[in-house]
Every structure is written in C-alpha cells, then in structure tokens.
Amino acid sequence: MLFAEEVGKGRPVVAVHGFTQTHRSWLPIAQRLERGNHFTLVDAPGHGASADVRADLWQGADLLADVGGRACYVGYSMGARLCLHLALRHPDLVTALVLIGAHPGITDPEQRASRHADDEALARRVEADGVSAFVDWWLQRPLFSTLSASAAGVPERLANTAEGLASSLRLAGTGSQEPLWGRLGDLTMPVLLVAGELDDKFAELGRRAAGAIGGNAEVVLIPGAGHACHLEQPDAFCAVLADFLDN
C-alpha cells in the first residue's frame, strides 16, 4: 500500500511526485488549489513513507489505482510515467490526465539498454554515497539548472532511503520502461501535457505525445521554466492546472 496525504475537499485529484521527491513536494500546489479540489498526494514506490515498497511501473500503477481510485491524475517526471501507466491499465479510473515532463519510453533498443545501464550505475551510486551526497549531485545536473535551491525541496528529498531510491531506479527507471508510444492513441480521457519552455527535450516529447494521443490532448509550455516547471513557476502552473480542472 502506498502512503498518501489528503488535502482539501471537492473533486478528486491525485498527484505523484518525481524521483528523489516525496508527496510533500505537491503540498504548496494542493494548498493553493484546495478550494473545490480534494488532493491525494502519494509517496511513490521507493520514496518517502512508501520507501519499502518495491514495484515496477505497471505494479506501481496498480498500487496507485488502489490508493487514488477514480480521479484526475497529475504526475511529474517519474510520477508522470506512473500516471501514464495507470491511465493505460485502468482507464476507467482516470477522469483526466496531467503529465508534466513525461517520457512515453525510449523506442531504440540500444538507447534503452544504455539508459538501463545508466540507471543501474545511478542505483549503485546512491547505495555507495548515501542519500545526502546523491541528492546534492542529482540537483546539480543540467536538467535542474533553472531550479532554485529554495524551490528544490532538499529537506524532503533527504527523507528518502538509499535502498528505496535504488529500487526505484532499477524497477521504474526510464531504462526499464517499455515504450508506450504505440498505445498513446488508446487514451480517450482529456490529457494535458505540460513542460517548461526552457526544457527543449521534454517540450518536444510533449508535442510528439499529444500528436500520438489525438484531439483530446493539449500541450502547455510554462514560460521561464525548465524541467521542474511546477516548482519553478508555481503561479503559472497553478493557473494552468486550475483552468484544466475547471474545464
């Protein structure tokens, strides 16, 4: 069972964080939008109070379904991939889907194998160095160059365990993910794909994914933001999410 914290009352919204985070990263967003919305903020497998849970992306989707039920699902990065798997596995539970910085999977087998090896190297790194050193290194990567220290939520990241993070990398990393591009057209619920306008890679992935999904998908780029766009520009992101939920 995955741990979750509830915030607000109203229509159900389930939010899932990215790698090295916990459900607490969503608290500022949920508190801004709690009027009229009931947020279920989930600790993903291997993270936070779910640190001892071992699950791949499909298994994680089943666990997410158990805790979230029927709702709009919102996921960031790793959390977006979990929500995407849930929407494909349990479409009846997903009233709408919001994917932030999502990757539907690496199609080239050699590139996927290389990423799998990289994920294994990262798992060994966090096991050898410990969480504090790993998080410090992780947040210095180019992917987070536009994320300020105040918005990074370092204390919550340090609440994770090396064993939990390593298991997440091995079981639910992008290298172990099967490519889902061919199944995106199965998504019939409203889908919002969000990326930071400075995050060229994931902005392009969002546009490609929207094209594969069809007319029920839209793409929004958050101005002045990189990969963690909801943390970097929370006002702009909350406006986008509120508009999507209202409509």
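The values are calculated or read from the model by the stated rules, or taken from the named source; none is laboratory data. Small disclaimer: the values here were computed from a predicted structure and weren't measured. Neighbour counts are summed over all protein chains in view; Cβ atoms, including those assigned to glycine, are modelled from backbone coordinates with ideal geometry.
Against the numbered list (1) crowded, with 19+ Cβ neighbours inside 10 Å; (2) touching a strand residue (DSSP E or B) at 6+ places or on another chain (Cβ under 7 Å); (3) part of a helix (DSSP H, G or I), residue 65 comes up short only at (2).
Here are 247, 216: which of them is modelled with pLDDT under 95, out of contact with any helix residue (DSSP H, G or I) (no Cβ under 9 Å at 6 or more places or on another chain) and either surrounded by fewer than 16 Cβ atoms within 10 Å (Cβ to Cβ) or not polar (S, T, N, Q) (or both)? Walk me through it before giving the result.
Details: 216 fails: modelled with pLDDT under 95.
Selected residue: 247, the only one of 247, 216 that is modelled with pLDDT under 95, out of contact with any helix residue (DSSP H, G or I) (no Cβ under 9 Å at 6 or more places or on another chain) and either surrounded by fewer than 16 Cβ atoms within 10 Å (Cβ to Cβ) or not polar (S, T, N, Q) (or both).
For segment 32-62, taking the residues that are over 15 Å from the mean Cα position of the chain (by Cα) and in a helix (DSSP H, G or I), the one that is surrounded by the most Cβ atoms within 10 Å (Cβ to Cβ) is identified as 50. Might you let me know whether segment 76-88 holds any residue that is part of a loop (DSSP other than H, G, I, E, B), in contact (Cβ under 8 Å) with a residue 24 or more places away in the chain and under 15 Å from the mean Cα position of the chain (by Cα)? Yes, there is a match, as at least one residue in segment 76-88 is part of a loop (DSSP other than H, G, I, E, B), in contact (Cβ under 8 Å) with a residue 24 or more places away in the chain and under 15 Å from the mean Cα position of the chain (by Cα).
Among the hydrophobic types (A, V, I, L, M, F, W, C), under 21 Å from residue 219 (Cβ atoms) and touching a Pro at 6+ places or on another chain (Cβ under 7 Å), is that true of residue 96? Talk me through it step by step, then tell me what you get.
On the way: among the hydrophobic types (A, V, I, L, M, F, W, C): yes; under 21 Å from residue 219 (Cβ atoms): yes; touching a Pro at 6+ places or on another chain (Cβ under 7 Å): yes.
When the stated conditions are applied, residue 96 passes them.
Please count how many residues of segment 9-31 are outside any strand (DSSP E or B) and crowded, with 17+ Cβ neighbours inside 10 Å. Here the count works out to 13.
Please work out if residue 234 is of a type outside the set (Phe, Trp, Tyr) and touching a Lys or Arg at 6+ places or on another chain (Cβ under 8 Å). For residue 234, the condition - of a type outside the set (Phe, Trp, Tyr) and touching a Lys or Arg at 6+ places or on another chain (Cβ under 8 Å) - is met.
Across segment 140-170, which residue is farthest from residue 47 (Cα to Cα) among those that are surrounded by 15 or more Cβ atoms within 10 Å (Cβ to Cβ) and either free of Cβ contacts under 8 Å to residues at least 24 places away in the same chain or among the basic types (Lys, Arg) (or both)? Ranking the candidates gives 170 first.
Would a scan of segment 172-189 turn up a residue that is of a type in the set (A, V, I, L, M, F, W, C), touching a residue at least 60 places away in the same chain (Cβ under 8 Å) and more than 30 Å from residue 88 (Cα to Cα)?
Within segment 172-189, the first condition is being of a type in the set (A, V, I, L, M, F, W, C), and the residues that meet it are 172, 180-181, 184, 187, 189.
Applying the additional criterion that residues be touching a residue at least 60 places away in the same chain (Cβ under 8 Å) yields 172, 180-181, 184, 187, 189.
After this cut, where a residue has to be more than 30 Å from residue 88 (Cα to Cα) as well, the list is none.
The answer is no; no qualifying residue exists.
So that you can scan it fast, the table gives a plain yes or no per residue for (1) in contact with a Ser or Thr (Cβ under 7 Å, 6 or more places away or on another chain); (2) closer than 23 Å to residue 26 by Cβ; (3) not in a loop (DSSP other than H, G, I, E, B):
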position: 127; (1), (2), (3): no, no, yes
position: 132; (1), (2), (3): no, yes, yes
position: 135; (1), (2), (3): yes, yes, yes
position: 140; (1), (2), (3): no, no, no
position: 160; (1), (2), (3): yes, yes, no
position: 166; (1), (2), (3): no, no, yes
position: 175; (1), (2), (3): no, no, yes
position: 185; (1), (2), (3): no, no, yes
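Of 100, 106, all but one fail to be touching a helix residue (DSSP H, G or I) at 6+ places or on another chain (Cβ under 6 Å) and surrounded by fewer than 24 Cβ atoms within 10 Å (Cβ to Cβ); the exception is 106.
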